[in-house]
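The structure under discussion appears below in the form of C-alpha cells.
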Amino acid sequence: MKSIRTYLLLALIAIITLVTFLSLLQGYQASIAKAQQLFDDRLQSMAAMISNANQDLHPHNAGTEKLSSTVFFQILADDFSLLARSNNATTPLLSVDNDPVISGFKDINFSGYRWRVYILKDDILNRWIITGERSDIRYILAENVVTESIIPIVLAIPIAAFIIWIAIGVGLKPLRELTGQLRNKQADDLSPVLMNNTPEELTTLVATTNALLQRLNDAFVREQQFAADAAHELRTPISILKVQLHNLQNNEHISEAALLPLASGIERMGLVIEQILSLYRHSPEQALVKQSDIDLSAIVQSIIAKDYDQIATKQQKISLSGGEKCLVAGNQFALETLVQNLISNASKYTPNQGEIQVTSKHITSGIRLIIEDSGPGIPKEAYERVFERFYRVDGDRHDSGILGCGLGLAIVKHIVNLHRAKITLNHSTQLGGLKVVIDFPKNSMR
C-alpha cells in the first residue's frame, strides 16, 4: 500500500459504487415495473374513455381515426365485426375462432411488432373495445425515464470522489504535520515532537516516537561520556607505557631487539585506540552536526605539509595536481581524517623512493579526489572487503611489515557515506599501485 489517502479513496469509491449499483439495479427494476403499470393504466383508461365517448353501434368508414403508429384501438360488435378502428388497425384482432375472450391485458403479435393490448367488454352495448400499444416503445419510454433519473447519480460519483479526496487530505493533515516535524529534525535534535490538538489515532504514535527519541538521546549522552572517559583512561596508560619503554631502551642491560616486540605492540595498541575513537567521532549524529563549505584542496595541502617529514623519511615523492578551490559541503574534521588516512596508507604501503600523486579537481557532477601510489596495490577481488572493519589483505601483518588494524579504509568508507559521496578502487596505470577515486556530489550534505 503506497498511499493511505489513495487506499481510502479507492475503498470508499468502490463501496459507494457497489452500493449505488445495487440501489440503481433495484430502483431500475422497480421503476420499469411502475412505468409498465402506468402504461397499462393508460390503456385501460383509454378503452374506458372510448367506450363512453363512442356509443354508435353502426360501422364507421375505415381509417377515419388517425392515431400514432405506436398505438391503436378497435371497437368490435358482439360478432367481432369492426364498428370503428384507428387507421393502423384494419384487421379485427378478435374472431369467432379465438378462444373464449375475456377482458384484461394480453401480449400479441400484430403488424410485425409485439403489442400490449387491453380488451374491455361493454356489456351495456354488447361490444368489445380494444386498445393497444407497441411493447418496444413502452420499454424505450420507460428506460428513458429511468435512465434520466440514474445519470445524475452516476455523474455524481466522480464529484463524490473529489470531495472524499479533499476530506481525506484534511483528515490526514495531522499525520503530514508529524511527518514534517520528523523530517525537519537535525541529526542532533532529539527533542520531543509537539503537536496541537493531536487526534486520538496519533496520540499513541506521538507518545511512542517521543519515548524513542528520549531513549536515543540518553544513549548518545552515554556514548559521548564513554568516549570522553575512554580517551582519557586509554591514552594515559599508553603514554605511561611509552615512557617506560623509553626508559627500558636506555637501559644498557636490555637489548633493543628484545624490546622491539613490546614497542610494536604498544604502537599497535595506540593506533587501534585512535582509530576506534575516530570511528566513533564520525557517527552520523556527530559528524553532521557541524557542517559548512570546506575547501578540499586546502585540506589536502595541509595534510601533505603535516606528513611531509614522514614521507621524506622514506624518500618518497608526493605531488599535488589541481590546486584550485574545491568546495565540499561537509564536516571539517571528518574530511581531514579521510584525507589523512588515505595519504597515510599510500605512504605506508609505498616502498622507499616510491611516488604518490594527489589530485583534486572539479567534474560535472561535483568534486573529485584522486590518490595514486606506486605500492603493491590491492587485488581486485579484495576491493570490497578492504572497507570491512579489521580486515587486512594479508592478514594481521602486511607483506610490507607495516602495522595496521584494518580500520583506516573502514573509516574512509564511513566518511564517504556521510557525505553522500562515492569511492572506487582501481589499479593505477600511471604508477602501478592503488588508485583511490572519491566523487563528492554538489551540495553533498545539504
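Structural remarks
- Note on segment 113-144: among residues that are aromatic (Phe, Trp, Tyr) and at pLDDT below 90, the one that is nearest to Ala48 (Cα to Cα) is Trp128.
- Subset of segment 318-334 [surrounded by fewer than 18 Cβ atoms within 10 Å (Cβ to Cβ) and farther than 28 Å from Gly354 by Cβ]: Lys325, Gln332, Phe333
- Among residues of segment 172-190 that are modelled with pLDDT of 80 or more, those with a Cβ under 9 angstrom from a residue that is assigned to a helix (DSSP H, G or I) and surrounded by fewer than 12 Cβ atoms within 10 Å (Cβ to Cβ), sequence gap 6+ or separate chain, pair up as Pro174/Glu201; Leu175/Glu201.
- Entry remark, segment 218-253: residues being modelled with pLDDT of 70 or more and assigned to a loop (DSSP other than H, G, I, E, B) number 2 in total.
- Ser51 being surrounded by 12 or more Cβ atoms within 10 Å (Cβ to Cβ), free of Cβ contacts under 8 Å to residues at least 40 places away in the same chain, within 30 Å of Arg85 (Cα to Cα) and assigned by TED's automatic domain parsing to the domain that holds Trp128: no
- Every pair of residues 6+ apart whose Cβ atoms lie under 8 Å, when the first sits in segment 349-370 and is basic (Lys, Arg) while the second is buried (at least 21 other Cβ atoms within 10 Å of the Cβ) and not in a strand (DSSP E or B): Lys361/Cys326
- Where strands (runs of 3 or more DSSP E) fall wholly inside segment 284-374, the ranges with 2 or more residues that are within 18 Å of His419 (Cα to Cα) are 292-295, 327-330, 355-363, 366-373.
The values are calculated or read from the model by the stated rules, or taken from the named source; none is laboratory data. Every value quoted in this text rests on a predicted model; they were computed, and no experiment measured them. Note that each Cβ is placed from the backbone with ideal geometry, even for glycine, and that neighbours are counted across all protein chains shown.
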